[in-house]
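First the structure, in the form of structure tokens, and then the observations on it.
What follows draws every value from the coordinates through simple rules; no lab data is involved. Treat the numbers as computed from the prediction; the structure is a model and nothing was measured. Here the Cβ positions follow ideal geometry from the backbone for every residue, glycine too, while neighbour counts run over all protein chains shown.
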Amino acid sequence: MPHTPGTHGSCHRAPTTRANITAGRVTALLLLAPAIGMFFGGAVFAVLCAGAASLAALRVRPAGLWWVLPLAPVAIWAVCVGREVFDASGGTTKQAVAVAHGMIDAFPAMIVTLLATAAVAALRRTFRRGSTGA
């Protein structure tokens, strides 16, 4: 194809075969993983949350990583605190204690998830730079 004004013949990219997921699916995945993980608890909860966040970080477009990195720990926090507040019946004192328990339960999984997601984002950035030759 000859070069015509306004086109960049040498910069054509072939379509990728890897499907990127949308923000709605990322949000659903990041909220569903801790909800399911609560049935197992402990280390399984943290691994499931980190795995879902890492998968989301792998599958979003590079520009969408800014959405996954902060959303994963916030989703874990929201699910854990929401469950504790839902279980707490009574006055505001019981609900305040429930919020504190939810935060304590969520914190280790939030840290593991944030570290795993940041590692995936850093690896993606490193490999993208290496493939462009810059």
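For a test of the definition: using alpha carbon positions, the gyration tensor, and the 1.5 limit on a/c, classify the range 22-132 as rounded, prolate or oblate.
Since a/c reaches 1.5 and a/b is larger than b/c, the shape of the range 22-132 is classed as prolate.
Listed highest first by mean packing, meaning other Cβ atoms within 10 Å per residue, what order do 107-114, 74-81 come in?
Numbers: 107-114: 19.5, 74-81: 21.5.
In descending order of packing, they fall as 74-81, 107-114.
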